[in-house]
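The values are calculated or read from the model by the stated rules, or taken from the named source; none is laboratory data. What you see is a predicted model; the values in this text were computed from it and never measured. Every residue, glycine among them, receives a Cβ derived from its backbone with ideal geometry; neighbour counts consider all protein chains shown. Side chains included, ligands, DNA and RNA excluded: accessible areas come from the protein's heavy atoms. Shrake-Rupley method; radii C 1.70, N 1.55, O 1.52, S 1.80 Å.
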Amino acid sequence: FVDYEQGNWAEGLTTYLADHLIAEQRGRAIGYRRDILQRYSDFVSDGRDFPLSEFRSRHSSATEAVGYGKTLMLFHMLRQQLGNRDFVRALATLYRKHRFTVASFQDVEAIFTESSEQDLSPFFEQWVKRSGAPGLKLSDATVEKKGGQYRLNATLTQQQSGTPFQLQIPVMVYLEGQSEPHVEMVAMNSSQTDISLTFDARPLRIEVDPMFDLFRRLDDKEIPAALSQGFGAERVLMLLPSKADKKLLDEYRAMADAWQRTQPGDWQVKLDSEVVQLPSDRAVWILGWERRCSPRVIQKIAAQH
């Protein structure tokens with residue numbers, strides 16, 4: 001049973017051992033984890049975020065993204081850190097020791113610590129008691145040849161505000177003439193970390209956490225276009241086509257009014273004739289092909305493909 005006063009760990013663990021396991025068995029686990037992280041990026045802004053220790057149950061898209069998604073990723077990161085054998089052994093111990101009794105996040109931590117013989121207190125302190133997620137940026141990647149070897153240099157930056165997260169980041173490097181990439185685990189305990197790796201073959205490409213093993217805010221380039229990005233925004237502007245005929249415009253307005261009443265966040269509804277320039281500080285819904293700015297929007301969408 002769950003000790004709800006200290007946070008509900010069971011929903012995320014159940015999802016990891018059921019839905020995620022099925023996806024993994026079917027070769028779809030990477031896409032599944034990306035979808036989990038995308039829902040967090042779409043629906044959980046700073047104002048809607050909270051630590052796992054405060055999760056009781058799901059009652060919105062934001063609470064689901066944190067309580068289910070973040071907890072699922074917590075157990076996945078534990079599995080990546082400990083290995084399958086120690087991870088499964090700890091789960092078995094958790095079941096035996098707490099069957100028909102109440103267990104808290106602290107009990108989960110104690111059992112995983114004992115089973116793995118590792119001090120996991122910093123891990124649980126960070127992912128259970130702290131809200132938020134790291135946002136990673138790779139920059140200044142260069143390759144220099146010295147003698148018969150190649151040195152790859154790059155910089156990793158945590159972009160979120162506040163104290164940097166302590167991370168073990170999977171970095172994948174593709175090398176010339178080699179079919180399998182080289183995988184390096186980079187420890188990052190500060191807001192910026194320099195990477196320097198030496199290879200006998202020329203590096204062709206470097207990727208940071210390409211299999212989505214780390215709980216983090218995704219970069220925009222990692223996220224496919226989705227309506228959830230508009231529904232999950234805290235501030236929304238919905239523009240109606242002023243050139244549409246009255247019947248169609250009334251239908252658009254009725255839909256906009258319904259969304260304004262039922263969706264969370266600050267929603268504004270205006271005619272396109274009332275806006276000179278599209279704002280950059282909120283999500284913008286553009287309804288109708290008759291819009292004045294439709295050609296500009298279509299050009300921007302085309303440029304992303």
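Can you give the Rg to Rh ratio of region 67-195, both from alpha-carbon atoms, with Rh computed by the Kirkwood formula?
Taking Rg over the Kirkwood Rh, I get 1.07.
I want the local charge near Gly177. Using Cβ-Cβ distances under 14 Å, sum +1 for each Lys or Arg and -1 for each Asp or Glu among the other residues.
After counting each charged neighbour, the total is -1.
Region 221-264: D in µm²/s via Stokes-Einstein (Kirkwood Rh, Cα pairs, 20 °C, 1.002 mPa s)?
The Stokes-Einstein estimate is 176 µm²/s.
So, by mean Cβ neighbours within 10 angstrom, what's the order for 28-37, 173-182 with the highest one leading?
28-37, 173-182
Once region 6-153 is represented by equal point scatterers at the alpha-carbon sites, with solvent omitted, what log10 I(q)/I(0) does the Debye formula produce at q = 0.12, 0.13, 0.17 Å⁻¹?
Values returned for q = 0.12, 0.13, 0.17 Å⁻¹ are -0.58, -0.66, -1.00.
Ranked from highest to lowest mean number of other Cβ atoms within 10 Å per residue, what is the order of the peptides 72-79, 44-51? Numbers along the way, then the final one.
Numbers: 72-79: 21.1, 44-51: 15.5.
Put in order of decreasing packing, that is 72-79, 44-51.
Taking every eigenvalue of the Cα gyration tensor of region 132-253, multiplying by 5 and rooting it, what semi-axes result, largest first, whole Å? Kindly include the intermediate steps, with their values, before the conclusion.
Numbers: eigenvalues 359, 70, 28 Å².
Sorted largest first and rounded, they come to 42, 19, 12 Å.
Considering only protein heavy atoms and a probe of 1.4 Å, how much of the accessible area of the chain is carbon and sulfur, as a whole percent?
49 percent
For region 76-140, what are Rg and Dmax over the alpha carbons, in angstrom?
Reported Rg and Dmax, both Å: 14.1, 54.
Heavy atoms only, probe 1.4 angstrom, no DNA, RNA or ligands counted: give me Val171, Val284 ranked by accessible area, highest first.
If we order Val171, Val284 from most to least accessible, we get Val284, Val171.
Divide by every residue of the chain the summed helix terms, -39500 (n - 2.57) for each DSSP H run of at least 4, and state the resulting mean residue ellipticity at 222 nm, rounded to the nearest 500 deg cm²/dmol.
-10500 deg cm²/dmol
Looking at region 139-206, what % of the alpha carbon pairs are farther apart than 15 Å?
Cα-Cα pairs of region 139-206 separated by over 15 Å account for 55 percent.
Decide, for region 235-289, between rounded, prolate and oblate: order the square roots of the alpha carbon gyration tensor eigenvalues as a ≥ b ≥ c, take rounded if a/c falls under 1.5, and otherwise choose prolate if a/b is larger than b/c, else oblate. Intermediate values should be presented prior to the final figure.
Values: a/c = 2.65, a/b = 1.18, b/c = 2.25.
Note, shape of region 235-289 comes out oblate.
Of the cross-linked pairs Lys221/Lys243; Lys247/Lys270; Lys70/Lys97; Lys221/Lys270, which ones have a Cα-Cα span greater than 23 Å in the structure shown?
Lys221/Lys243; Lys70/Lys97; Lys221/Lys270
Taking just the alpha carbons, could you work out the radius of gyration and Dmax for the chain, both in angstroms?
When restricted to Cα atoms, the chain yields Rg and Dmax of 23.1, 73 Å.
Just grab the label-to-label distance for Gln80 and Arg26, each label 7 Å out from Cα along the Cβ direction, in nm (one decimal).
Going from the Gln80 label point to the Arg26 one covers 2.3 nm.
Which order do peptides 243-256, 151-164, 7-20 fall in by mean Cβ count within 10 Å, highest first?
Values: 243-256: 13.4, 151-164: 15.5, 7-20: 18.6.
The densest-packed peptide leads the list: 7-20, 151-164, 243-256.
When only C-alpha pairs under 8 Å and at least 6 residues apart count, what is the relative contact order of region 14-81, in percent?
32 percent
Run the numbers on the chain and let me know its relative contact order in percent, using alpha-carbon pairs under 8 Å that are six or more apart. Walk me through the numbers on the way to the answer.
On the way: 464 pairs, mean separation 49.5, N = 305.
The normalised contact order for the chain reaches 16 percent.
Once you have a ≥ b ≥ c as the square roots of the Cα gyration tensor eigenvalues for region 40-95, tell me rounded if a/c is under 1.5, and otherwise prolate or oblate according to whether a/b is larger than b/c. Don't skip to the answer; put the middle values down first.
On the way: a/c = 3.36, a/b = 2.19, b/c = 1.53.
The shape class here is prolate.
Please report the antiparallel percentage of DSSP beta bridges with both residues in the chain, rounded to the nearest 5.
Around 70 percent antiparallel, to the nearest 5.
Along the Cα→Cβ direction, 7 angstrom out, place labels at Met172 and Asp245. What is the inter-label distance in nm?
In this crude spin-label approximation the distance works out to 5.2 nm.
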